[in-house]
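Undergrad: This is the structure I want to talk about, given as C-alpha cells.
The values are calculated or read from the model by the stated rules, or taken from the named source; none is laboratory data. Since the structure is predicted, the reported quantities are computational estimates derived from the model, not experimental observations. We place every Cβ from the backbone using ideal geometry, glycine too, and count neighbours over all the protein chains shown.
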Amino acid sequence: MFILFLVGFIVLLCLGLPIALGLGGAAFLYFIPNGFFAQLVQNTYAGIGSYTLLAVPLFMLAGNLMNESGITEHLANFTMDLLGHIRGGLGMATILASGIFAAITGSAVATAVAIGGVLIPVMHKAGYEDEVSASVTATAACLGPIIPPSIPFIIYGVIANVSISALFLAGIVPGIIFALSLMIYMYFVAKKRNYPVQKRTNLKEIAIATWKALPAIFMPVIILGGILGGIFTPTEAASVAVIYAFLIDRIIYHKITMKKLYKILLISGLETGTIMLLLGLSEPFAWVVAVEQIPQAMIGFLSQTHVTPMIALLLINIGLLILGIPLETAPALTIVVPILAPMAAKLGINPIHLGIIVCFNLVLGLITPPVGGVLFSVCGISGLPLEKLSKAIWPPFLISVIVLLIITYLPALSTFLPSLLLH
C-alpha cells in the first residue's frame with residue numbers, strides 16, 4: 001500500500017493540485033484500503049487540534065492590523081533617518097525596516113509588499129538601479145520568517161514537538177547575522193556604483209521619527225519580554241499582540257475603519273484556513289511516514305554509507321534548497337519535518353538547531369527563480385520583469401547561502417540564547 005501512497009502523492013502533485021489535497025489524497029489511498037477510515041479522521045483532526053496553533057491566526061491578525069494602521073511608512077522614515085547618510089544607506093534602511101517589520105508579521109511576502117511598496121520608489125528616485133533595489137528588498141524580506149515571531153517556527157515546533165519559545169529565541173542571532181551580512185553587501189555595492197547619500201538627519205528629526213515608529217518597535221519587545229518573563233505563553237503572546245495592535249491604531253493612528261477591519265478579519269481568516277487545512281491533511285501523511293519507518297530507513301542508509309552529521313547537514317541543506325524552489329514554506333515543512341526530525345535526533349543534531357536550518361532553507365526558496373513567491377511580489381511592486389530580477393537576485397542570494405552555512409556549522413549561534421534564557 002505504501003507504493004500506492006507514494007505514487008498517488010506524486011501523481012496528485014503533477015496534476016497541479018494544491019499540496020494539501022495531494023497530502024490528503026495520498027493518505028486516503030493508504031488508509032481506506034486498509035480499513036483505517038476512523039484513523040484518517042482522527043489524525044486529520046489531531047493535525048489542527050493543538051492549542052499552540054492558535055498562535056498562527058492571531059499573529060497573522062496582529063500583523064495585518066499593524067500593516068493596515070500605516071506603521072510601514074513610519075518604519076521606513078525611521079530607518080532612512082538613521083542610515084540615509086551612509087553610503088548605500090537607503091538599501092540598509094530597507095533591510096533594517098524589513099527586520100523590524102518581520103518582528104510584527106513573521107511573513108516574507110507581507111514584509112516584501114509592505115516595505116518594498118514604500119522604499120523601492122524612494123531608492124529609484126535616489127538613483128539606485130531597479131535591479132539592485134528590488135533584489136535587496138526581496139532578500140531582506142526573508143528576514144520575516146527568521147526573526148521572531150515566525151509562522152514557520154510555529155509550524156515546525158508543532159510538527160516536531162519542539163518549544164516555540166526556544167525557536168523564537170534561536171532565530172534572533174541568525175536573523176541579526178543575516179541582516180548585517182546584507183547591509184555589508186549593500187555598502188560595497190553602493191560604493192562600487194557611487195550611489196548618492198542623503199543629508200545627515202539632526203537629532204530632533206531622528207527623535208520625531210523614532211517616536212512615530214516606537215509602537216512598532218515596542219511590539220516584539222512585548223512579545224519576547226512576556227514570553228521570557230513567564231508572563232504568557234507564545235499563544236497568549238499572540239493574543240496580546242492582537243490587542244496591542246488594535247489599541248495602537250485606536251489611540252494613535254486612527255486608520256482602521258469598520259470596513260477595513262472586516263477586510264482584515266476576512267484576509268486573516270482565509271490565510272489561517274489555508275494553513276490549517278494543510279496542517280490537518282499533513283498529519284495522516286506524517287502517520288504513514290512513521291508507520292512505514294521512512295526515517296529509520298534513511299538512518300540505516302546513512303549508517304551504511306558512513307555519513308557523518310556534518311555531511312548529513314550538508315545533504316539536508318542541498319535537498320531543502322532544491323525542495324524550496326517549487327514549494328511554499330508551510331507545505332514543505334509539513335512534508336519534510338516528519339522525516340527529518342527523527343532522523344536528526346538519531347544523528348545527535350539539536351532539534352532547535354535543525355528548526356533554524358530547515359526554516360532558513362525553505363524561506364530562501366521564496367527568492368529562488370523561477371517560482372519564488374517573494375520574487376513575484378517584488379516584481380509587481382517594482383515593475384521589474386521577472387527575468388531581470390531573477391538575474392539580479394543571485395548575488396544577495398549567495399550571501400544568504402553563506403549565512404546559512406555559517407548557521408549550519410556553528411550551532412551555538414542558534415542554541416546559545418535558548419539554553420541561556422530558558423534553562
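Undergrad: Return only the number of the condition from (1) exposed (fewer than 15 other Cβ atoms within 10 Å of the Cβ); (2) under 20 Å from residue 142 (Cα atoms) that residue 170 does not satisfy.
TA: (1)
Undergrad: In the stretch 43-88, how many residues are part of a helix (DSSP H, G or I) and under 21 Å from the mean Cα position of the chain (by Cα)?
TA: Qualifying residue count, the stretch 43-88: 23.
Undergrad: Within the stretch 112-147, take every residue that is out of contact with any helix residue (DSSP H, G or I) (no Cβ under 8 Å at 6 or more places or on another chain) and in a helix (DSSP H, G or I) and give me the one that is nearest to residue 55 (Cα to Cα).
TA: 121
Undergrad: Check whether at least one residue in the stretch 331-342 is over 15 Å from residue 158 (Cβ atoms), in contact with a Ser or Thr (Cβ under 7 Å, 6 or more places away or on another chain) and surrounded by fewer than 24 Cβ atoms within 10 Å (Cβ to Cβ), and report yes or no.
TA: No: zero hits.
Undergrad: Can I ask one more? Would you check if residue 26 is within 23 Å of the chain's Cα centre (by Cα) and either under 30 Å from residue 178 (Cβ atoms) or at pLDDT below 80 (or both)?
TA: Working: within 23 Å of the chain's Cα centre (by Cα): no; either under 30 Å from residue 178 (Cβ atoms) or at pLDDT below 80 (or both): yes.
Criteria not met by residue 26.
Undergrad: Can you pull out the residues in the stretch 111-135 that are closer than 23 Å to residue 66 by Cβ and touching a Phe, Trp or Tyr at 6+ places or on another chain (Cβ under 8 Å)?
TA: Answer for the stretch 111-135, where residues must be closer than 23 Å to residue 66 by Cβ and touching a Phe, Trp or Tyr at 6+ places or on another chain (Cβ under 8 Å): 111, 114, 115.
Undergrad: To continue, here is another question. Go through the stretch 289-310 and count every residue that is modelled with pLDDT of 75 or more and within 20 Å of residue 20 (Cβ to Cβ).
TA: 0
Undergrad: A follow-up question, please. Hey, among the residues in the stretch 318-336 that are in a helix (DSSP H, G or I), farther than 19 Å from residue 162 by Cβ and more than 15 Å from the chain's Cα centre (by Cα), which one's modelled with the lowest pLDDT?
TA: The selected residue is 323.
Undergrad: If I ask for residues that are more than 14 Å from residue 186 (Cβ to Cβ) and either buried (at least 24 other Cβ atoms within 10 Å of the Cβ) or in contact with a strand residue (DSSP E or B) (Cβ under 8 Å, 6 or more places away or on another chain) (or both), which ones from the stretch 121-148 would you list?
TA: Result: 141, 142, 144, 145, 146, 147, 148.
Undergrad: Another question, if that's okay. Could you say which residue among 227, 217 is in contact (Cβ under 8 Å) with a residue 24 or more places away in the chain, surrounded by 20 or more Cβ atoms within 10 Å (Cβ to Cβ) and of a type in the set (Val, Ile, Thr)?
TA: Values: 217 fails: surrounded by 20 or more Cβ atoms within 10 Å (Cβ to Cβ).
When all the criteria are applied, what remains is 227.
Undergrad: Look through 405, 313, 366 and report the one residue that is under 19 Å from the mean Cα position of the chain (by Cα), crowded, with 19+ Cβ neighbours inside 10 Å and touching a residue at least 12 places away in the same chain (Cβ under 8 Å).
TA: Working: 405 fails: crowded, with 19+ Cβ neighbours inside 10 Å; 313 fails: under 19 Å from the mean Cα position of the chain (by Cα).
After applying the criteria, what remains is 366.
Undergrad: Go through the stretch 337-396 and give me each residue that's part of a helix (DSSP H, G or I), of a type in the set (Val, Ile, Thr) and under 22 Å from residue 186 (Cα atoms).
TA: Across the stretch 337-396, the qualifying residues are 363, 367, 374, 378, 381.
Undergrad: For residue 95, indicate whether it is farther than 30 Å from residue 160 by Cα and either in contact with a Ser or Thr (Cβ under 6 Å, 6 or more places away or on another chain) or assigned to a loop (DSSP other than H, G, I, E, B) (or both). Let's see the steps before the verdict.
TA: Details: farther than 30 Å from residue 160 by Cα: yes; either in contact with a Ser or Thr (Cβ under 6 Å, 6 or more places away or on another chain) or assigned to a loop (DSSP other than H, G, I, E, B) (or both): no.
No, not satisfied.
Undergrad: How do the pairs read when you match residues in the stretch 253-274 that are surrounded by 15 or more Cβ atoms within 10 Å (Cβ to Cβ) with residues anywhere that are of a type in the set (Lys, Arg) and at pLDDT 85 or above, using Cβ under 7 Å and keeping only pairs 6 or more apart or on different chains?
TA: Nothing qualifies.
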